[in-house]
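Engineer: One structure, pasted below without further comment.
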Amino acid sequence: MNKIIIGFSLMVLMLASCNTKNKFSLKGNLKGAEGKNITLSMYDKSGVNVIDTLSIVDGAINFELELSEPVLLILGESGKRGAASFFADNSDYTINGDAENLLDVEISGGDIYNLYKEANNADDKLREISAELREAYVAASNEGDTARANSISEEYDGEVKKVEEFKLELVKQNSSSPVSAFLIYEQFRHKALEEIASGFLLLDKSLESCTYYEALVSRKSKLESVAVGKKAPDFELLDVDGKPFSLSSVKAKVLLVDFWASWCGPCRAENPHVVELYNDYSDKGFDVLGVSLDKQKDAWLKAIEDDKLTWNHVSDLKGWKNEAAQLYAVNSIPHTVLLDENGVIIAKNLRGEELRKKVAELLD
């Protein structure tokens with residue numbers, strides 16, 4: 001294993017700061033890479049972006065890059081699933097494996113990589129357990145054994161919690177490492193506003209300039225701007241006829257902004273409940289604005305027709321990069337935002353009976 005040997009004081013400095021020197025190098029062998037488009041991507045606060053396509057001759061990799069800070073790098077084949085991810089800084093890394101199975105390539109690096117690997121190993125074990133539990137859950141569901149299915153679901157939740165607690169312990173032990181900033185970002189970016197605040201408390205202040213710390217700050221700011229009690233930010237997208245349609249143009253006593261997509265199973269399962277609610281309360285001042293995270297217009301329009309969604313719909317057909325979804329910090333669907341007649345957010349993520357009770361409370 002190639003490894004740069006440095007003094008202890010410099011090692012501490014490297015782990016405590018997002019600024020490093022020298023260059024990141026990746027050397028080794030990747031069998032079967034000839035003719036394949038092997039790319040190296042970077043996952044930072046702007047998302048995952050390809051930074052280079054590797055030149056691989058006779059399987060040999062010899063690549064160098066100056067990183068502005070330690071980040072997660074992803075080695076994958078363009079257009080295909082399954083990639084190798086590893087946390088890297090400006091030091092030496094080695095790789096060996098087969099391009100046909102990038103998930104199982106062997107990568108070695110410095111201490112910052114080893115900390116990430118420790119966390120990633122826990123995720124790998126969770127994936128193995130999840131596959132087994134999923135198979136058991138399906139079998140129980142097919143047999144109509146609801147009690148067993150519920151027990152398996154609870155077991156899965158318990159395994160997820162174990163991994164989360166393990167990672168938090170790693171963070172506590174390495175609070176100055178950029179890897180910890182990444183782990184906190186990954187674990188807390190899907191959580192509620194107050195939980196995100198608790199995540200920051202686990203990180204050393206020296207990490208405030210790290211890309212993942214900044215990304216979580218950005219996430220927190222977005223959530224604050226669309227919190228209950230805030231005026232809903234206006235947006236304008238195209239309707240089903242390709243005409244501009246704004247949120248502020250909808251006048252209703254109670255408005256449900258429903259983020260969904262034709263490909264989203266839980267969204268489609270929820271649609272009949274929303275249709276029933278709309279039919280029962282539209283004459284009392286209830287309205288719905290559907291915001292689709294589709295990319296294919298035909299699929300979007302077909303779902304609207306099939307599910308009999310007779311209210312207004314908008315989309316920019318950008319999928320998860322939907323501008324309204326970005327504005328409202330949407331990272332899973334279905335996602336609902338309930339507004340009063342003044343455009344103030346009064347509830348979020350209500351569905352089914354909870355949504356009906358809230359609308360009835362406001363309009364009956």
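The values are calculated or read from the model by the stated rules, or taken from the named source; none is laboratory data. Everything numeric here is computed off the predicted structure, so don't read it as measured data. We place every Cβ from the backbone using ideal geometry, glycine too, and count neighbours over all the protein chains shown. Please note that ligands, DNA and RNA were not included when accessible areas were found on the heavy atoms of the full protein model with its side chains. Shrake-Rupley method; radii C 1.70, N 1.55, O 1.52, S 1.80 Å.
Engineer: If exposed GluC sites (Glu not before Pro) are those in a DSSP loop with at most 14 other Cβ within 10 Å, what is the longest stretch of the chain that has none?
Structural biologist: The longest such stretch corresponds to 209-340.
Engineer: Return P(r) of the chain (all Cα-Cα pairs; 20 Å bins starting at 0; whole %; ordered from short to long distances).
Structural biologist: Per 20 Å bin, starting at 0, the Cα pair percentages come out as 24, 49, 25, 2.
Engineer: Explain nothing, just the number: dipole magnitude of the chain about its Cα centre with +1 on each Lys and Arg Cβ and -1 on each Asp and Glu Cβ, in debye rounded to the nearest 20.
Structural biologist: Value, rounded to 20: 720 debye.
Engineer: Now for a different question. Please express the shape of the stretch 135-225 as an equivalent ellipsoid: the semi-axes are the square roots of 5 times the eigenvalues of the C-alpha gyration tensor, given largest first in whole angstrom.
Structural biologist: Here the semi-axes work out to 34, 15, 9 Å.
Engineer: By how many degrees, 0 to 90 and rounded to 10, does the Cα axis of helix 297-306 deviate from the longest principal axis of the chain?
Structural biologist: Between helix and principal axis, roughly 40 degrees.
Engineer: Also, I was wondering about something else. Provide, for q = 0.12, 0.15, 0.16, 0.17 Å⁻¹, the log10 of I(q)/I(0) from a solvent-free Debye sum over equal Cα point scatterers in the stretch 268-364.
Structural biologist: -0.39, -0.62, -0.71, -0.81
Engineer: Could I ask something else about it? So what is log10(I(q)/I(0)) for the stretch 39-185 at q = 0.12, 0.19 1/Å, when the Debye sum runs over its Cα atoms only?
Structural biologist: -0.63, -1.17
Engineer: Hull surface divided by four, with the convex hull built on the Cα atoms of the stretch 134-187: how many nm²?
Structural biologist: 4.1
Engineer: While we're on this one: Taking all protein chains as present, what is the carbon and sulfur share of the accessible area of the chain, in % to the nearest whole number, probe 1.4 Å?
Structural biologist: 48
Engineer: Further, regarding this structure: Using the Cα centre of the stretch 164-288 as origin and beta-carbon charges of +1 (Lys, Arg) and -1 (Asp, Glu), tell me which of 249, 261, 218 is placed farthest towards the positive end of the dipole.
Structural biologist: The Cα lying farthest towards the positive end belongs to 218.
Engineer: Let me ask something else. Enter the accessible area per residue of the stretch 240-300 (Å², integer; probe 1.4 Å; all protein chains in place).
Structural biologist: Each residue of the stretch 240-300 exposes 46 Å² on average to a 1.4 Å probe.
Engineer: I'd like to know which of 144, 185, 87 lies farthest towards the positive end of the charge dipole of the stretch 83-199, counting +1 on Cβ of Lys and Arg and -1 on Cβ of Asp and Glu.
Structural biologist: 185
Engineer: Under a 10 Å cutoff between Cα atoms, tell me which one of 71, 250, 179 has the largest fluctuation in the Gaussian network model of the chain.
Structural biologist: 250
Engineer: Right, something else. Using Cα-Cα distances under 8 Å and only pairs 6 or more residues apart, what relative contact order does the stretch 228-364 have, in percent?
Structural biologist: Relative CO of the stretch 228-364 lands at 34 percent.
Engineer: If you average the sequence gap of Cα pairs under 8 Å that are 6 or more apart and divide by the length of the stretch 248-300, what percent do you get for the contact order?
Structural biologist: 53
Engineer: Between residue 101 and residue 129, 0.36 nm times their residue separation minus their Cα-Cα distance comes to what?
Structural biologist: Value of the extension gain: 8.0 nm.
Engineer: Take the chain, connect every pair of alpha-carbon atoms lying under 10 Å apart with a spring to form a Gaussian network, then pick out the residue of 193, 26, 126 with the largest mean-square fluctuation.
Structural biologist: Of the options given, 126 has the highest mean-square fluctuation.
Engineer: Something else about it: Under a Cβ-only charge scheme (Lys and Arg +1, Asp and Glu -1), can you give me the dipole magnitude of the stretch 198-248 about the Cα centre, in debye to the nearest 20?
Structural biologist: My answer is approximately 200 debye.
Engineer: Follow-up question, since we're still on this one. Tell me the relative contact order for the stretch 148-259 as a rounded percent, counting alpha carbon contacts under 8 Å between residues six or more apart.
Structural biologist: It comes to 17 percent, rounded to a whole number.
Engineer: Same structure, new question: Beyond 19 Å, how much of the Cα-Cα pair distribution for the stretch 72-137 remains, as a whole percent?
Structural biologist: 42
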